[in-house]
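Participant: Structure below; questions to follow.
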Amino acid sequence: MGYRVVIAGATGNVGREMLNILAERQFPVDEIAVLASRKSLGTEVTFGDKTLTTQDLDTFDFAGWDMALFAVGSDATKKYAPKAAVAGCVVIDNSSLYRYDHDVPLIVPEVNPQAVHGYAKKNIIANPNCSTAQMVVALKPLHDRAKIKRVVVSTYQSVSGSGKDAIDELWDQTKAVYNPTQDVPPSVYTKQIAFNVIPHIDVFLDDGSTKEEWKMVAETKKIIDPSIKVTATCVRVPVFVGHSEAINIEFEDFLDEDEARDILREAPGIMVIDKREDGGYVTPVECVGDFATFISRIRQDSTLDNGLNLWCVSDNLRKGAALNAVQIAELLGREVLKKG
């Protein structure tokens, strides 16, 4: 006996990846419905060896369905997620809409699985921001050992985090650099992304930070520990898929780099590749399509009494979005619904 599962936003990058991962991980599905907006109605998507036709999100009846994985953005989520939740279908939401709601658990299954039991207040579970998800997977096992005081993180985020139009913009601008007769002005981004980096993700806030940076601060506190101080600089880079992060951590207690490496090797969801030689680290190109969060460049920070540096890379469409949502679905099934 399996689950009746809905994918809302099935034609987008994340929705399609959710379908791929559900099939890859052999999630116990009895029936699956794929939903899209009216402009994408009738579009075909694949689920394993099956071809599915999208139904209208606006008219879909969620009654009798076990869970719905939403990948439709905050505006559509605000309209449709409460309908699903009231109908008894548990929503796992990939947008930012419910992440900071006290009555909605924000979950990374390797980090705070116990939070899943809080789903019942609104019948909704939030999926964290892509840049936060991979970072907290790395931080939590270290925090359990030495307690983290402060984190300084600089991100190098791929264009796929902005959607298909951003991928096309990078591709078209890159070609245009080699063909002077073409001109591809910025549309998705504020400046040229090809052969460039842009220190601006999401809107600017009054304190000079961007909302993406604020998300990393607020979500890390909610998922791991509200006492952790976090400061972030988020940067868009000309990479198609895969987010990278340079993370500096200050602990309350001393943690040796070798012990940290051993802890991370044993931690769920992490793959440590850390050789002090040419190529002895992981780059975004190498993490695409993989489930793991990769950790490299683990070393002491000699400017702090209790400091470490590390490099963290993950496929943002997987661990940063679709994979984490499917892992939440697995957790919900295992701990609460208990079917399949």
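The values are calculated or read from the model by the stated rules, or taken from the named source; none is laboratory data. Computed from a predicted model, the values in this text were never measured in an experiment. Neighbour counts are summed over all protein chains in view; Cβ atoms, including those assigned to glycine, are modelled from backbone coordinates with ideal geometry. Accessible surface is based on the protein model in full, side chains and every heavy atom, while ligands, DNA and RNA are left aside. Shrake-Rupley method; radii C 1.70, N 1.55, O 1.52, S 1.80 Å.
Participant: State the number of residues belonging to the range 107-125 that are more than 19 Å from residue 271 (Cβ to Cβ) and either of a type in the set (Phe, Trp, Tyr) or crowded, with 24+ Cβ neighbours inside 10 Å (or both).
Facilitator: Residues meeting the conditions: 4.
Participant: Looking for something charged (D, E, K, R) and crowded, with 19+ Cβ neighbours inside 10 Å - is there at least one such residue anywhere in the range 303-316?
Facilitator: Here is the first cut: in the range 303-316, the residues charged (D, E, K, R) are 305, 315.
Remaining after also requiring crowded, with 19+ Cβ neighbours inside 10 Å: 315.
Yes, the range 303-316 contains a residue that is charged (D, E, K, R) and crowded, with 19+ Cβ neighbours inside 10 Å.
Participant: Test of understanding: among 251, 291, which residue is in contact with a helix residue (DSSP H, G or I) (Cβ under 8 Å, 6 or more places away or on another chain), open to solvent by 30 Å² or more (accessible area, probe 1.4 Å) and hydrophobic (A, V, I, L, M, F, W, C)?
Facilitator: Details: 251 fails: open to solvent by 30 Å² or more (accessible area, probe 1.4 Å).
Only one candidate passes the filter, namely 291.
Participant: Could you please find all residues in the range 133-183 being open to solvent by 10 Å² or more (accessible area, probe 1.4 Å) and in a loop (DSSP other than H, G, I, E, B)?
Facilitator: Passing the criteria: 147, 163, 178, 179, 180, 181, 182, 183.
Participant: Only one of these conditions is not met by residue 279: (1) open to solvent by 60 Å² or more (accessible area, probe 1.4 Å); (2) without any contact (Cβ under 8 Å) to a residue 12 or more places away in the chain. Which number is it?
Facilitator: Result: residue 279 fails condition (1) only.
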